[in-house]
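The structure under discussion appears below in the form of structure tokens.
What follows draws every value from the coordinates through simple rules; no lab data is involved. From a predicted model like this one, the values you see are computed outputs, not experimental measurements. Note that each Cβ is placed from the backbone with ideal geometry, even for glycine, and that neighbours are counted across all protein chains shown.
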Amino acid sequence: MSIPAGNIVGKIGYKNGMVLGFSISALGALLFFPASVFHQYGLFLAALFIVAVGIVLLQVAANPYVTVLGPAKTASSRLALIQGVGSVGTTVAPLLGAYFILSRLSESHASSAAVRYPYWGIAGLLIVIALVVFRLKLPVIKPQADSTSSATGEKKSVLSFRNLNFGVVAIFLYVGAEVSIGTFLTNYISDTLHIEVKSANSYVAFYWGSMVVGRLIGAAALKAIKPSYVLGFCAAISMALVLVSISSGGQIAVWSMISVGLFNSVMFAVIFSLSVNGLGKYTTKASGMLSTAIAGGAIISFSQGFLKDHFTWQIAFILPLLCYLYILFYAVNGYKSRYSI
């Protein structure tokens, strides 16, 4: 849905795209009520799909809007700050969900009443946010003619941009590495320290928590340091940490892998901003392509799981290591905006 969403945002604008995204997600949240009443799994999937469509629209509209809402040199800093705030929400939301939904579950209401009213509340909040954004007097920047337009002439298509083409792959591999490490971290720690999975799971919070800290710190650092330098540094350190982890054992192996989260923190923001730099009227289409590349989180994780099933943890973690190697290439050369066509 990301590429069609890019076309929609290109026609209606960034602000309207965000309003539409919040509204569609609110509609999806409301549909959880009839799904819980009729106890139909298909309705739950449909509601979840509609929520996801709204989130896709929101991402496709908001991410490029943040990058063009100010000087290009600080675009990565703004996007990192926004993602840092979003990460706080990612941390708090499961706790609230556990309190309002899981804590009130009983065997007789496990799939019905417990999920109805919380989702009404979520829908109401999303509608309020949509109305607030609609009423806000945000700077009007048309996707077809934003200030990032390149001075080197008209391009044939969105695929004419070298930095975007390499950037789509970089986003695919970055999200893949981030998610695959986070997905298998519990089992990796359990096997490394020879402890129960339940005990190992407590370590994982430090991985995701370090990303929150890193994004907030990175937002400040990216104002003073060239984004490509920051990206190259983070990719190189991530490679080193993975190598240390798979070549050692015990607490060193565990904390080395956990520390990768800190350096993952700003990669998405930097790659995204470098990928859309100079794209002008193609920015929204590029945003759709970059959002589609998030599918790397599923594909790389599956691939790493396959490697672990057939080989060892050391072999399996070579995959995210190669992902960071490509990101290092992107930071050194791939981000440079020469035409590929």
Report the Stokes-Einstein translational diffusion coefficient (µm² s⁻¹, integer) for the chain, Rh taken as the Kirkwood radius over Cα pairs, at 25 °C with viscosity 0.890 mPa s.
116 µm²/s
By how many nm would the segment from N16 to L138 lengthen if fully extended, with 0.36 nm per residue of separation less the alpha-carbon distance?
42.8 nm
Members of K156/K226; K15/K281; K15/K73; K285/K336; K11/K137; K285/K308 lying beyond 27 Å, as alpha-carbon distances in this model show:
K156/K226; K285/K308
Within the stretch 180-224, what residues put their amide N at less than 16 Å from the label point 7 Å along the Cα-to-Cβ vector of S248?
189, 192-193
Rounded to 0.05, the calculated FRET efficiency for the beta carbons of D309 and V88 at R₀ = 45 Å is 0.80
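Quick check on the chain: helices-only [θ] at 222 nm, where DSSP H runs of length 4 and up contribute -39,500 (n - 2.57) each and the sum goes over total residues. Nearest 500, please. Could the numbers behind the result be given before it?
Details: 15 runs with 255 residues, N = 341.
Dividing the helical sum by the residues of the chain leaves -25000 deg cm²/dmol.
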Going by amide H atoms built from the backbone, whose H comes under 5 Å of the H on S265, apart from near neighbours?
none
Any idea how far the Cα center of the stretch 288-341 sits from the one of the stretch 1-68, in Å?
27 Å
